[in-house]
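Visitor: Questions regarding the structure given below will be posed in turn.
The values are calculated or read from the model by the stated rules, or taken from the named source; none is laboratory data. Fair warning: this is a prediction, and the values are worked out from it, not measured in the lab. Because the Cβ atoms are built from the backbone with ideal geometry, glycine has one as well, and the counts that use them run over all protein chains shown. In case anyone asks, the SASA skips ligands and DNA or RNA and just uses the protein heavy atoms, side chains included. Shrake-Rupley method; radii C 1.70, N 1.55, O 1.52, S 1.80 Å.
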Amino acid sequence: MGPLLLSVAAVLQRYRIGRTDYIVVAAAAFVLLIASIGLYLNMTASSGPGGGQIVGTIYFKDRVAQRKYVAQAMWEPLRTGVPVYNNDSIRTGELSAATIVLKDSTRIELDENSMIVVSVGDKTELNFAYGSIQARRDAAAGESGDLTIRSQDRTVTVGASDVQLSKTDEAGGGLDVSVTRGEASVTSASGETQSIGENQRATVNQGRIEIKPVLFRLAAPDDSARIFTEGPRANVDFRWGAVDGAVTLEVSPRRNFSQIAARATLAGTASSAALAEGVYYWRISARNPQSGAVEYSEIRRLAVAQNGGLRLFAPAQTPVLSM
């Protein structure tokens, strides 16, 4: 055992780390650190904080909403109140939502699993990649020019109007456009252009445009309404216009109504549902009295938020004894 220890000691003595070795290791570590910092800055470089044009603000965000700058490879979380820069990509995740207000007062609302790219130059444009969005423009926004929404090779032009668009992320997926106020125009891949009037819905698929009236009108709550509750649930009242026959009300946390939070079938123009905190979508359906087919209203969104109110903690209340 003794000779073995002596051999190991001799090897360690021969390869003893000196001051020069420490300097070399420290220099290599410093170079690696500088390179890592440079790579991170390059990956997160953006046209936003680096001097890009501010074109709007994140007005509302629920759960997962992210932004990617035009020269950035990484997505970052969004917060309410932060600016939106030109050519930003904005997307939402499952059961999430976000609202953008542009400088011309145009209000863009993204439902869950949706993505857009905002581009403002001589004209205001949105590149609508997938999901469902609403564009709301008042008279002031209309005076600044039309809003152009592009979805692959289809184009929707919006003035002072409120429109809803939905599209799958599949190549060639159909585009649905509904106008709830004002009017818009849609151009298909083949170059056909048609106007969509108030309370009309257009389906654009395979170069064809089909326009139908929306038969059933929703009254309340307003689209994108926020309802506050003191308790764990809010009792939400729903109202709609008169319909011949039975009406089915559906409320869902998913815009495609794959999950149902509340459903009721009744003859009348109102119903209610107790909803927990979260974002919901609602619609009604009934049979078309002429064709006999089941048709649906527009889809509206609402958010339920718990408002606990103000509570006093200190100083503690001390009873006063009367003499």
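Visitor: For region 223-233, give me each residue that is closer than 17 Å to Q134 by Cα and open to solvent by 100 Å² or more (accessible area, probe 1.4 Å).
Guide: Residue satisfying the conditions is R226 alone.
Visitor: Go through region 175-211 and give me each residue that's part of a strand (DSSP E or B) and surrounded by fewer than 13 Cβ atoms within 10 Å (Cβ to Cβ).
Guide: Once the filter is applied, which keeps residues that are part of a strand (DSSP E or B) and surrounded by fewer than 13 Cβ atoms within 10 Å (Cβ to Cβ), region 175-211 yields T193, R208, E210.
Visitor: Let me ask another. Failed condition for R217, given (1) without any contact (Cβ under 8 Å) to a residue 40 or more places away in the chain; (2) closer than 15 Å to R300 by Cα; (3) not polar (S, T, N, Q), with all others met?
Guide: (1)
Visitor: Here are A246, A274, A303: which of them is touching a strand residue (DSSP E or B) at 6+ places or on another chain (Cβ under 7 Å), within 18 Å of D111 (Cα to Cα) and either open to solvent by less than 70 Å² (accessible area, probe 1.4 Å) or modelled with pLDDT of 95 or more (or both)?
Guide: A303
Visitor: Would you point out which residue out of A171, A135 is among the hydrophobic types (A, V, I, L, M, F, W, C) and either modelled with pLDDT of 95 or more or within 18 Å of the chain's Cα centre (by Cα) (or both)?
Guide: A135
Visitor: Could you grab me the full set of residues in region 59-81 that are β-branched (V, I, T) and surrounded by 14 or more Cβ atoms within 10 Å (Cβ to Cβ)?
Guide: Listed by number, the residues that qualify are V64, V70.
Visitor: Follow-up. Filter region 62-87 for residues that are closer than 19 Å to L126 by Cα and in contact (Cβ under 8 Å) with a residue 40 or more places away in the chain and give the result.
Guide: A65, N87
Visitor: Kindly indicate which of R181, R217, R208 is closer than 22 Å to V294 by Cβ and not hydrophobic (A, V, I, L, M, F, W, C).
Guide: On inspection, the qualifying residue turns out to be R217.
Visitor: Same structure again: Looking only at region 89-115, filter to residues that are under 8 Å from the mean Cα position of the chain (by Cα) and among the charged types (D, E, K, R); which one of those is farthest from S252 (Cα to Cα)?
Guide: R91
Visitor: Still on this structure, I have one more. With in contact (Cβ under 8 Å) with a residue 40 or more places away in the chain and more than 23 Å from N307 (Cβ to Cβ) as the only criterion, which of V247, V279, V236, V204 stands out?
Guide: Just a single option satisfies the conditions, and that option is V204.
Visitor: If you don't mind, there's one more thing I want to ask. Is one or more of the residues making up region 47-55 at pLDDT 90 or above and not aliphatic (A, V, I, L, M)?
Guide: yes
Visitor: So, V156, is that one touching a residue at least 40 places away in the same chain (Cβ under 8 Å) and part of a strand (DSSP E or B) or not?
Guide: Here the answer is no, as V156 does not meet what is asked.
Visitor: May I pose another question? What strands (runs of 3 or more DSSP E) completely inside region 58-104 contain at least 1 residues that are at pLDDT 95 or above and basic (K, R)?
Guide: Passing ranges, in order: 65-68, 89-92.
Visitor: Could you check region 94-116 and list, in sequence order, the residues that are in contact with an Asp or Glu (Cβ under 7 Å, 6 or more places away or on another chain) and open to solvent by less than 40 Å² (accessible area, probe 1.4 Å)?
Guide: Those that are in contact with an Asp or Glu (Cβ under 7 Å, 6 or more places away or on another chain) and open to solvent by less than 40 Å² (accessible area, probe 1.4 Å): S96, A97, T99, E112.
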